[in-house]
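A short worksheet on the structure shown next.
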Amino acid sequence: SYLTKIHSQDPTMKSKPHLLLIPSWNPSVANTIGIKYLSKQLQDNGYDNLWSVGFERNPLWQGVPPQRIIPIPYVVRSDPSSFPTNDSISQRSLNSVFYAGESRPHAKHWVGCHRDKLILPLLNSTTTNTTQINVRLVNKKNRMDQEEYNHRMKTSDYCLILCGDTPSSRTLTSAMVSGCIPIRVGSRLRGLCEAPCHGGFGWKPSPEQYSHLPYAEWIPWSLFPEVNEQEFMDAGEDVLNELFRTMDSTKKDKLRSIMNATKNGWIYGWGDPVHSTNLGDATRHIWQSFLANVQH
């Protein structure tokens, strides 16, 4: 009845683009909070120009085709003083690599993601004075302190972005804000599902390639490093050494300038989450992404 009332007031309403700004992180939650129901009701009533936002372009979550899902990032609440400065960049150890995350045991049978196999060879790495690899899997009992985690992000040259239950990762947000160059292990974030990836509960790959990387209008993701997941699993240290050989200081400076220019877009606010009026640019970036896609 509400939709009928709105349409009677403006007969052109159905043809206008509508954006559902209700992200979710798995299909069960999406169903519980009513995202798919709302989407279905709107479309059943003739609202065909319907768009949604999501951490993944997954129609099982939002109930609209993947090409009408705007990929958005995990956003953070931060403090401007915590941002790395030009001085702190010089404190990064050359070719140092950092990763700390949970093992995600469900990801193995859901989507063929084996974080343990990806980092196991690196745990026994024979590092040199110019290469420091600090990677670990954690759980609730041995989770890394947040202060140490942020310090590692701000002082490491590279941060690994590993697969998980789904393509997107909060690690990507932390790396981009901290100035730690993200190394995507695998092509899942680009919408591909190459072996050892397979479709499952956490993520249903689309027949066509739909990137899950946010802010493509501002961030040229093709410039950021990506390595083959299977090759990394087989010989991670060799893959990293080859990357180090090709990534000179000029390339790294360019990537960090891109990260610095867009870092506010990963932040929704600073200070108290309830009363603060000091907001980041995440909301504005998401709206601009929506407008850019509609105009295309």
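The values are calculated or read from the model by the stated rules, or taken from the named source; none is laboratory data. Computed from a predicted structure; not experimentally measured. Cβ placement follows ideal geometry from the backbone for every residue including glycine, while neighbour counts extend to all protein chains displayed. Ligands, DNA and RNA are excluded from the accessible area calculation, which covers all protein heavy atoms including side chains. Shrake-Rupley method; radii C 1.70, N 1.55, O 1.52, S 1.80 Å.
Spot the failing condition for Val227; the list is (1) hydrophobic (A, V, I, L, M, F, W, C); (2) under 15 Å from the mean Cα position of the chain (by Cα); (3) buried (at least 17 other Cβ atoms within 10 Å of the Cβ); (4) farther than 21 Å from Tyr268 by Cβ, and only one is missed.
Here Val227 meets the rest and fails (2).
Please verify whether Val76 is among the hydrophobic types (A, V, I, L, M, F, W, C) and at pLDDT 90 or above, treating the condition exactly as stated.
It is false that Val76 is among the hydrophobic types (A, V, I, L, M, F, W, C) and at pLDDT 90 or above.
Quick check on Glu237: is it more than 22 Å from Thr171 (Cα to Cα), assigned to a helix (DSSP H, G or I) and either open to solvent by less than 30 Å² (accessible area, probe 1.4 Å) or not basic (Lys, Arg) (or both)?
Taking the combined requirement at face value, the residue does not satisfy it.
How many residues are buried (at least 19 other Cβ atoms within 10 Å of the Cβ) and either touching a Cys at 6+ places or on another chain (Cβ under 7 Å) or of a type in the set (A, V, I, L, M) (or both) if we restrict to the stretch 51-68?
Residues that pass the stated criteria total 2.
Please tell me if Ala100 is closer than 23 Å to Val227 by Cα, of a type in the set (A, V, I, L, M, F, W, C), at pLDDT 85 or above and in a strand (DSSP E or B).
So Ala100 passes the test.
Condition first: closer than 25 Å to Pro71 by Cβ, charged (D, E, K, R) and free of Cβ contacts under 8 Å to residues at least 40 places away in the same chain. Can you find one or more residues in the stretch 158-171 that meet it?
Scanning the stretch 158-171 turns up no residue that is closer than 25 Å to Pro71 by Cβ, charged (D, E, K, R) and free of Cβ contacts under 8 Å to residues at least 40 places away in the same chain.
Can you pull out every residue in the stretch 262-286 that is touching a residue at least 24 places away in the same chain (Cβ under 8 Å) and either in contact with an Asp or Glu (Cβ under 7 Å, 6 or more places away or on another chain) or not hydroxyl-bearing (Ser, Thr, Tyr) (or both)?
Lys263, Gly265, Trp266, Ile267, Gly269, Trp270, Gly271, Pro273, Gly280, Ala282, His285, Ile286
Testing Pro205 on (1) in contact (Cβ under 8 Å) with a residue 12 or more places away in the chain; (2) of a type outside the set (D, E, K, R); (3) more than 23 Å from Tyr268 (Cβ to Cβ); (4) out of contact with any Gly (no Cβ under 9 Å at 6 or more places or on another chain), one condition comes back false. Which one is that?
Only one criterion is unmet by Pro205, namely (4).
Do you know which of the residues in the stretch 40-66 that are closer than 19 Å to Leu192 by Cα and either of a type in the set (A, V, I, L, M) or out of contact with any strand residue (DSSP E or B) (no Cβ under 7 Å at 6 or more places or on another chain) (or both) is modelled with the lowest pLDDT?
Leu60
Based on this model, can you work out whether Ala107 counts as open to solvent by less than 70 Å² (accessible area, probe 1.4 Å), farther than 30 Å from Trp270 by Cβ and either at pLDDT 90 or above or not in a helix (DSSP H, G or I) (or both)?
yes
State whether one or more residues within the stretch 204-222 are of a type in the set (Gly, Ala, Ser), within 30 Å of His109 (Cα to Cα), touching a helix residue (DSSP H, G or I) at 6+ places or on another chain (Cβ under 6 Å) and not in a helix (DSSP H, G or I).
Scanning the stretch 204-222 turns up at least one residue that is of a type in the set (Gly, Ala, Ser), within 30 Å of His109 (Cα to Cα), touching a helix residue (DSSP H, G or I) at 6+ places or on another chain (Cβ under 6 Å) and not in a helix (DSSP H, G or I).
Return the residue satisfying two criteria in turn: it lies in the stretch 269-296 and is within 12 Å of Trp51 (Cβ to Cβ) and aromatic (Phe, Trp, Tyr), and of such residues it is least open to solvent (accessible area, probe 1.4 Å).
Phe290
Which pairs turn up if I take residues in the stretch 135-157 that are in a loop (DSSP other than H, G, I, E, B) and look for partners that are of a type in the set (Gly, Ala, Ser) with beta carbon separation below 9 Å, at least 6 apart in sequence or on another chain?
Once the first residue is in a loop (DSSP other than H, G, I, E, B) and sits in the stretch 135-157, its partners that are of a type in the set (Gly, Ala, Ser) give Asn139/Ser103; Arg143/Ala100; Met144/Ala100.
Kindly list the number of the only condition in (1) within 20 Å of His296 (Cα to Cα); (2) open to solvent by less than 70 Å² (accessible area, probe 1.4 Å); (3) outside any helix (DSSP H, G or I) that fails for Asp48.
Here Asp48 clears every test but (2).
Looking at Ser222, Ser187, Ser178, which one is of a type in the set (S, T, N, Q) and crowded, with 20+ Cβ neighbours inside 10 Å?
Ser178
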